[in-house]
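Single-structure report; data block below.
The values are calculated or read from the model by the stated rules, or taken from the named source; none is laboratory data. Since the structure is predicted, the reported quantities are computational estimates derived from the model, not experimental observations. Here the Cβ positions follow ideal geometry from the backbone for every residue, glycine too, while neighbour counts run over all protein chains shown.
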Amino acid sequence: MMNRQIKALVWDFDGTIGDTYEKNLRVTREIVKRITGKEADEFPALRTVESYGLAQRKTSNWREFYLQTLGFTVDQTNEAGMLWTEYQLKDGSPPPVFQGIDRVVGSLQRFPHGIVSQNARSSISRTLDAAGLSSYFQCIIGYEEVELTRQKPEPDGLLLCIEELTKLEPGRVVYIGDHEVDIETADEANRVLERRQADIRVVTVAAMYGGHVDEPTWKFRPDYVVRDPVQILDVVQNIGTKV
């Protein structure tokens, strides 16, 4: 029987730890204006936080967002990726973290924590520093740590984080994300781990506290759903006590 002991918690960042939609929209608008010379309001997805969030949830990753939603070319998309960190850091203060995240990571500090995100590692670190949470996270995988063609839903970043946190010791890894692509990424990671005959499994938690309402339509189904960060404590207890 598979070891059910929890070995680590891995988090998505945007919409899961950081309430980043407003900041990411501002940054995206500036990048789009620089690359295209057009005003951002000419792109429907960039007019409001609501339209931006909806468009983000309909795409699998940031490259798909630029290519399909904004109609960028591959070269323009690559340029946007190279500008992201610079413009994130130019934007000023880091975004807030969701209320309750500090309580969750503090209560679960006995486990190693990691982040796998398509945001910039430096921006993530800056937010964690501002919130006083940096000491809880032993591994941060940003978009720069993964090849552009291997971003989520490819499992490379998640597998890299899991290996760093657990050394692939038998057990469970809890992966928390707010997007269907996070659940798909975990599904792909489990397939790879099974092929490698690693006695470790990713258990998924859909974080629905960032205003999402579309989880019932997801093709890839999470193991658990939470609508408040503090509910993650109950999920971890449930996983740890199952037989």
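For beta carbons closer than 7 Å, sequence separation of 6+ or different chains, a first residue in region 162-176 that is more than 12 Å from L9 (Cα to Cα) and outside the structural domain of N190 (by TED's automatic domain parsing) and a second that is polar (S, T, N, Q) and outside any helix (DSSP H, G or I), there are no qualifying pairs.
Figure legend. Inter-residue proximity from region 104-133: first residues modelled with pLDDT of 95 or more, second residues among the aromatic types (F, W, Y) and assigned to a helix (DSSP H, G or I), beta-carbon distance below 6 Å, spacing 6+ or different chains. Indicated pairs: V105/Y136; Q109/Y136; H113/Y136. Kindly establish whether E188 is without any contact (Cβ under 8 Å) to a residue 60 or more places away in the chain, among the charged types (D, E, K, R), in the same structural domain as H113 (by TED's automatic domain parsing) and outside any strand (DSSP E or B). So E188 passes the test.
For V27, the conditions (1) more than 22 Å from T85 (Cβ to Cβ); (2) under 19 Å from the mean Cα position of the chain (by Cα) are fulfilled apart from (1).
The criterion of being closer than 13 Å to Y21 by Cβ, out of contact with any Gly (no Cβ under 7 Å at 6 or more places or on another chain) and among the β-branched types (V, I, T) does not hold for T59.
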